[in-house]
Ligand code: AMP
Ligand code: ZN
């Protein structure tokens, strides 16, 4: 399986860097974004390294989409979200900052103030962990 020793998300997939993981299967891993746009903001990545939408293998792309669908349903059921934004950025011009393909799964709440593009800011660690626990239970 493709890995890149210098890639942040490969290190997270391998468990060499910490993350708050809420789901994993043979092809994908989902963990909490440390700069959440809203409460419960997740990232879904393929285990295999691919830099972006154009490079990802089609089967991995389908698997990431399927995981995103499952987790969106959990955000509605367990976090009380009213909707979900799925977001992928491909290339610096499109705001991509981590070059291992990832799908943002961003729960939306009827009155939340999030507007895209947003400026990422560190989240409260305990609050991120609490949302993860509700999703992973
Ligand atoms: P993008 O700008 O679309 O490439 O998204 C990268 C995302 O990765 C941003 O939302 C960051 O907040 C998030 N991120 C960066 N480092 C980490 C990390 N160590 N753990 C979890 N999320 C991260
Ligand atoms: Zn990688």
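Quick check on the stretch 37-47: of everything there that is under 17 Å from residue 24 (Cα atoms) and within 13 Å of ligand 1 (Cβ to nearest atom), which residue is nearest to the chain's Cα centre (by Cα)?
Here the answer is 43.
Filter the stretch 4-24 down to the residues that are in a loop (DSSP other than H, G, I, E, B) and surrounded by 15 or more Cβ atoms within 10 Å (Cβ to Cβ) and list them by number.
7, 19, 20 - these are the residues of the stretch 4-24 that are in a loop (DSSP other than H, G, I, E, B) and surrounded by 15 or more Cβ atoms within 10 Å (Cβ to Cβ).
Look at residue 93 and say whether it is more than 14 Å from ligand 2 (Cβ to nearest atom) and at pLDDT below 95.
yes
Within the group 117, 107, 122, 36, which residue is touching a strand residue (DSSP E or B) at 6+ places or on another chain (Cβ under 9 Å) and part of a loop (DSSP other than H, G, I, E, B)?
Matching residue, one of 117, 107, 122, 36: 36.
Given the criterion closer than 21 Å to residue 132 by Cα, modelled with pLDDT of 95 or more and surrounded by 21 or more Cβ atoms within 10 Å (Cβ to Cβ), identify the matching residue among 87, 79, 103.
103
In the stretch 48-66, what residues are within 16 Å of ligand 1 (Cβ to nearest atom) and more than 13 Å from residue 87 (Cα to Cα)?
Across the stretch 48-66, the qualifying residues are 49, 50, 51, 54, 55, 56, 61.
The values are calculated or read from the model by the stated rules, or taken from the named source; none is laboratory data. Since the model is a prediction, treat every value here as computed from it, not as a measurement. Ideal geometry is used to build each Cβ from the backbone, glycine not excepted, and the neighbour counts take in all protein chains shown.
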